[in-house]
Amino acid sequence: MESARLSERQAGSAAVIASARRLVVKVGSSLLLDPAERGPRRDWLAGLAADLAALRNGGKEIVIVSSGAVALGRDYLGLKRSPRLDQKQAAAAAGQTLLMRAWQEALAPHDIPVAQLLLTYDDTERRRRWLNARATLEVLLAQRALPVINENDSVATDELRYGDNDRLSARAAQMVKADVLILLSDVDGLYTADPGRDPAAVHIPEVASLDAVESFAADASTAGIGSGGMRTKLAAARIASAAGCATLIASGREPHPLRRLEEGGRATLVAAAGTPARAYKQWIAGTLATAGAVRVDAGAERALAAGRSLLPAGVTEVSGDFERGSCLAVRSSDGREIARGISAYNSAEARAIAGCPSERFEAQLGYRGPDELIHRDDLVMLDR
């Protein structure tokens, strides 16, 4: 009976992947690198590339968050392992090209173009930079490229670093509204104790409440190449869950790790709290403080009520001093707050194009920006 329940839960993990439209896959450095060869595990990476190609051929969009640049660069430069930030930054500067070459070579047989995106903590926490990074990722995905994200270790400071790619991958999943975050490392999920020290440790196939399991999260992988452990994975799962994204914590040690998950391979599934779109709208409506406001005419109000974007042509007044990516209150002609949303322009630009059709944007701004002041995906109507 117990084995039957376990099979059902493992099948549930496979079902999560099958139903997903967009996935973020984090690859740990302990998987990517071969310590004996002092370079990438090319055969393993080729198998993962085949898995990624199969998922893409099935209609899924994928973003990779890849560790490995520091370790590759350290070997390349002959540096010893060191906690010093300048040593890590130098290693990262040399290792990024090696890491991207490994990904390009693995994916080339499948005709998948690869694009590198280096992010810092600031890029995912400051709304303006977050918007820029999200826009870049959306263009890459629309062009059928495979974005490969890594922390920009060569410029980040100690105070502005994630320090591990588990949490960075969760922020990336939040950014692209992913349905599933897959954390591949050298552990196949969460256990009731550290399985390396306690032979009685029991694997946990599914987690409904992270609060209930954090007390026995084991830091089981910090002794190898990588920097993350189970606690960082649970922290990542918490971020992803709040963004409406499910998380799979799984081992990538065997060949074709994603195919194994699709076939019901062992993993720990952390459920999502709602959907990515719903979580994002709740974040806009209830979490962000407004930095300014716009007043709209009756035509724009009707368009918003019908689920459309807010165009500058329908804006009659702009108030406040705000940056691109700020949250704005949208007010009706009589002053009622009817919506909130993320602005695609700063306050000076918004004032310059208020009341203008899109074909006049370039003349007003000196460049052609988005047609929408607030895109419908970044806007939530308020019931007030």
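The values are calculated or read from the model by the stated rules, or taken from the named source; none is laboratory data. None of the values given here were measured: they were computed from a predicted structure. Note: ideal-geometry Cβ built from the backbone for every residue, glycine included; neighbour counts use all protein chains shown.
Within the span defined as the range 97-120, one or more residues are modelled with pLDDT of 95 or more, farther than 20 Å from Leu181 by Cβ, part of a loop (DSSP other than H, G, I, E, B) and not charged (D, E, K, R).
Under 29 Å from Arg126 (Cβ atoms), of a type in the set (Val, Ile, Thr) and in a helix (DSSP H, G or I), is that true of Ile249? Quick ask: steps written out before the conclusion?
Numbers: under 29 Å from Arg126 (Cβ atoms): yes; of a type in the set (Val, Ile, Thr): yes; in a helix (DSSP H, G or I): no.
Here the answer is no, as Ile249 does not meet what is asked.
Apart from one condition, Ile64 fits all of (1) at pLDDT 95 or above; (2) part of a helix (DSSP H, G or I); the exception is (2).
For Leu33, indicate whether it is in the same structural domain as Glu254 (by TED's automatic domain parsing), buried (at least 16 other Cβ atoms within 10 Å of the Cβ), touching a residue at least 60 places away in the same chain (Cβ under 8 Å) and more than 19 Å from the chain's Cα centre (by Cα). Criteria met by Leu33. When Ala271, Ala267 are checked against the criterion of being surrounded by fewer than 21 Cβ atoms within 10 Å (Cβ to Cβ), farther than 17 Å from Asp378 by Cα and not β-branched (Val, Ile, Thr), Ala271 stands alone in meeting it. The residues on offer are Gln89, Gln104, and the sole one that is on the phi < 0 side of the Ramachandran plot and without any contact (Cβ under 8 Å) to a residue 24 or more places away in the chain is Gln104. Check the range 334-352 and report whether any residue there is assigned by TED's automatic domain parsing to the domain that holds Ala50, among the small types (Gly, Ala, Ser) and on the phi > 0 side of the Ramachandran plot. No, every residue in the range 334-352 fails to be assigned by TED's automatic domain parsing to the domain that holds Ala50, among the small types (Gly, Ala, Ser) and on the phi > 0 side of the Ramachandran plot. Within the option set Ala200, Ala178, being surrounded by 19 or more Cβ atoms within 10 Å (Cβ to Cβ), assigned to a loop (DSSP other than H, G, I, E, B) and either at pLDDT 90 or above or out of contact with any helix residue (DSSP H, G or I) (no Cβ under 7 Å at 6 or more places or on another chain) (or both) holds for one residue only, Ala178. From the list Pro257, Pro312, Pro357, the one residue that fits, being assigned by TED's automatic domain parsing to the domain that holds Arg128 and touching a residue at least 40 places away in the same chain (Cβ under 8 Å), is Pro257. Within the set Gly59, Gly78, the sole residue that is more than 22 Å from the chain's Cα centre (by Cα) and on the phi > 0 side of the Ramachandran plot turns out to be Gly78.
The rows are residues; the columns are (1) crowded, with 20+ Cβ neighbours inside 10 Å; (2) modelled with pLDDT under 95; (3) out of contact with any helix residue (DSSP H, G or I) (no Cβ under 6 Å at 6 or more places or on another chain).
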residue: Cys327; (1), (2), (3): yes, yes, yes
residue: Ile353; (1), (2), (3): yes, no, no
residue: Pro370; (1), (2), (3): no, yes, yes
residue: Arg376; (1), (2), (3): no, yes, yes
